[in-house]
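J.: Submitted below is the structure of interest, expressed as structure tokens.
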Amino acid sequence: MSNSSNRLIIFDTTLRDGEQSPGASMTRDEKVRIARQLERLRVDVIEAGFAAASPGDFESIKAIATAVRESTICSLSRANDRDIARAAEALAPAERKRIHTFIATSKLHMEAKLRMLPEQVLVQARNAVRFARQHTDDVEFSPEDGSRSDEDFLCRVLEGVIEEGATTINFPDTVGYAVPELFGETIRRLRERIPNSDKAVWSVHCHNDLGLAVANSLAGVMIGGARQIECTINGLGERAGNTALEEVVMALRTRGGYYNLECGIDTTQIVAASKMVSQITGFAVQPNKAVVGANAFAHASGIHQDGMLKSRETYEIMRAEDVGWTATKIVLGKLSGRNAFKQRLQELGIDLASEAEVNAAFARFKELADRKADIFDEDILALVSDEQQSQEREFYRFVALEQRSASGEMPTAKVVFSIDGEEHVSEGRGDGPVDATVNAIEGEVGSGAELVLFSVNAISTGTQSQGEVTMRLSRDGRIVNGVGADPDIIVASAKAYLSALNKLHSKIERVNPQP
Ligand code: KIV
Ligand code: ZN
């Protein structure tokens, strides 16, 4: 594909850069679920992880390379033979594979982080791309901290890696320092100055530290001539996150007359992808978030409502249904049978691996329907997620909870849970019912972890909604998120806390690509 074409490649890095957000780490099966949804969304490239980071990352990439057939699967690798060989091995089952190798090119990063001379960086970048090309003819190169790198040096490095066979040149604004016009112009100048620049597709990768990631990405495309945007669902990513996929895609579509660019995204899958990523990572979507926030299509003011009733376009530039919002509707209830449940799973794009898994999820559904009259799509998504979580990480498992609070009394909680299959009962007191519950669990487990975030969200509408709780724990420099859902938010809190403890318990350590 050439840079003058009007086809824009959407490269999703939710599973790699998105996962670098503190606490957003996902299990292999969670990543495969998200990758399948990204395939339904029709993203062109899925960056599935960083194969050399940990055995868990390696296995996840391999599983995604096996499960996904339509999108190209990519692994990140530092610019060394070991990382690249590991990426190639993980990607072996993929129908289409890409190796994405990178090395920092800014003075600051080369001196302070890599402790390398520019000439050494240049040689290492060239060697890495040459070696990667031995494994696939789809090789992407990124000069890390590109937006703060010296332009003359960038020209030498990028010309060199294109000569070695890099097919995509990705220009990262690693620290979110760029501003749109300057960023776009830098890319335009680089493309003009580098003699072989037309042999590669140019790409942008922006971080959102100044809230400019989407604007910078679009400037990179319009001014710079880039034809690939790297982005994540919900803008998930380190610090303030990455370019939000839903925002760039809907800007391109809504303002198609101006951008005159096409991408292959099926926009009706956007909301499902957003909900899935939020639920799996425990990163709630802010209500006023563009496109996927709960209020993105809500009109509260009387003047707006009046205008909308007369003509929808008065205050709405996109249609909610075009991005996959559906009116929240009761889908199932106590009397619904297994077949209706299974069909709803299929409609929601959930393919459970075996009949045994469908049965387990159906049993949970029945249990929930006994306690809650109306079951919404969101409830089904949460219970499937809960079921998969408990199958994957069973070291700590919630069994039951008894809690008491009354005005003027200190709340108490009695939690029954299993540790490695053995049932324990523990009691605790606290400032509030959630505090008492966490104290009860900690009294038995003694994890020593620090609770750094506690949030509660209603999954659907009304007071009968299930509460979805996220608990973020930190211990010895590791940060993990646990998520739990239940109509009783104290039970949801206990589940979330145990889920976070399970993640801390799993010993798999990762290497951060940008230490
Ligand atoms: O932000 C960044 O520089 C990256 C690179 C690895 C592309 O994520
Ligand atoms: Zn990044």
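J.: Looking at the range 205-223, which of its residues are in contact with a strand residue (DSSP E or B) (Cβ under 9 Å, 6 or more places away or on another chain), away from ligand 2 (no atom under 13 Å from the Cβ) and among the hydrophobic types (A, V, I, L, M, F, W, C)?
T.: Matches in the range 205-223: LEU212, VAL214, ALA215, LEU218, ALA219, VAL221.
J.: When you check PRO143 against the structure, is it in the same structural domain as ALA215 (by TED's automatic domain parsing), surrounded by 24 or more Cβ atoms within 10 Å (Cβ to Cβ) and not hydroxyl-bearing (Ser, Thr, Tyr), yes or no?
T.: yes
J.: Would you check which residues across the range 235-247 are within 15 Å of ligand 2 (Cβ to nearest atom) and assigned to a helix (DSSP H, G or I) and list them?
T.: Of everything in the range 235-247, those that are within 15 Å of ligand 2 (Cβ to nearest atom) and assigned to a helix (DSSP H, G or I) turn out to be GLY235, LEU245.
J.: Just to confirm my filter: which strands (runs of 3 or more DSSP E) fall fully inside the range 404-461 and include at least 2 residues that are free of Cβ contacts under 8 Å to residues at least 60 places away in the same chain and not assigned by TED's automatic domain parsing to the domain that holds ARG475?
T.: none
J.: Output the residues belonging to the range 354-380 that are part of a loop (DSSP other than H, G, I, E, B) and of a type in the set (Phe, Trp, Tyr).
T.: PHE376
J.: Tell me yes or no: at least one residue of the range 159-180 is in contact with a Gly (Cβ under 6 Å, 6 or more places away or on another chain), more than 16 Å from ligand 2 (Cβ to nearest atom) and farther than 19 Å from SER106 by Cβ.
T.: The answer is no; no qualifying residue exists.
J.: For the range 172-194, name all the residues that are touching a residue at least 60 places away in the same chain (Cβ under 8 Å) and either in contact with a Leu (Cβ under 9 Å, 6 or more places away or on another chain) or at positive phi (or both).
T.: Matches in the range 172-194: GLY176 only.
J.: Restricting to the range 224-234, name every residue that is more than 14 Å from ligand 2 (Cβ to nearest atom) and among the hydrophobic types (A, V, I, L, M, F, W, C).
T.: Listed by number, the residues that qualify are ALA226, ILE233.
J.: Okay, moving on. Identify, by number, the condition in (1) within 16 Å of ligand 1 (Cβ to nearest atom); (2) in a loop (DSSP other than H, G, I, E, B); (3) surrounded by 18 or more Cβ atoms within 10 Å (Cβ to Cβ) that TYR177 doesn't meet.
T.: TYR177 satisfies every listed condition except (3).
J.: Something else: Quick one: count up the residues across the range 199-228 that are under 16 Å from the mean Cα position of the chain (by Cα) and under 14 Å from ILE9 (Cα atoms).
T.: Of the residues in the range 199-228, 1 are under 16 Å from the mean Cα position of the chain (by Cα) and under 14 Å from ILE9 (Cα atoms).
J.: GLU238 - would you say it is assigned by TED's automatic domain parsing to the domain that holds LEU122, surrounded by fewer than 22 Cβ atoms within 10 Å (Cβ to Cβ) and within 15 Å of ligand 1 (Cβ to nearest atom)?
T.: So GLU238 passes the test.
J.: Now, a different point. For the range 68-87, what are the residues that are under 12 Å from GLU140 (Cβ atoms) and either part of a strand (DSSP E or B) or outside the structural domain of PHE141 (by TED's automatic domain parsing) (or both)?
T.: Answer for the range 68-87, where residues must be under 12 Å from GLU140 (Cβ atoms) and either part of a strand (DSSP E or B) or outside the structural domain of PHE141 (by TED's automatic domain parsing) (or both): THR72, CYS74, SER75, LEU76, SER77.
J.: Sticking with this structure for a sec: Answer yes or no: is there a residue in the range 125-137 that is within 14 Å of ligand 1 (Cβ to nearest atom) and in a strand (DSSP E or B).
T.: Looking for residues that are within 14 Å of ligand 1 (Cβ to nearest atom) and in a strand (DSSP E or B), one finds none in the range 125-137, hence no.
J.: Next up: Taking ARG78 as the residue in question, decide whether it is away from ligand 1 (no atom under 14 Å from the Cβ) and not β-branched (Val, Ile, Thr).
T.: Here the answer is no, as ARG78 does not meet what is asked.
J.: Now for a different question. Going by the conditions given, is GLU47 farther than 27 Å from VAL480 by Cα and outside any helix (DSSP H, G or I)?
T.: Spelling it out, it is not the case that GLU47 is farther than 27 Å from VAL480 by Cα and outside any helix (DSSP H, G or I).
J.: Further question: Which number in (1) surrounded by fewer than 21 Cβ atoms within 10 Å (Cβ to Cβ); (2) within 15 Å of ligand 1 (Cβ to nearest atom) marks the one condition that LYS199 misses?
T.: Result: LYS199 fails condition (2) only.
J.: Next question, about the same structure. Looking at (1) surrounded by 16 or more Cβ atoms within 10 Å (Cβ to Cβ); (2) small (Gly, Ala, Ser); (3) under 17 Å from SER499 (Cβ atoms), find the lone condition where ALA413 falls short.
T.: It is condition (3) that ALA413 fails.
The values are calculated or read from the model by the stated rules, or taken from the named source; none is laboratory data. Just so we're clear, the structure is a prediction, and the values are computed from it rather than from any experiment. So basically every Cβ, Gly included, is an ideal-geometry build from the backbone, and we count neighbours across all protein chains shown.
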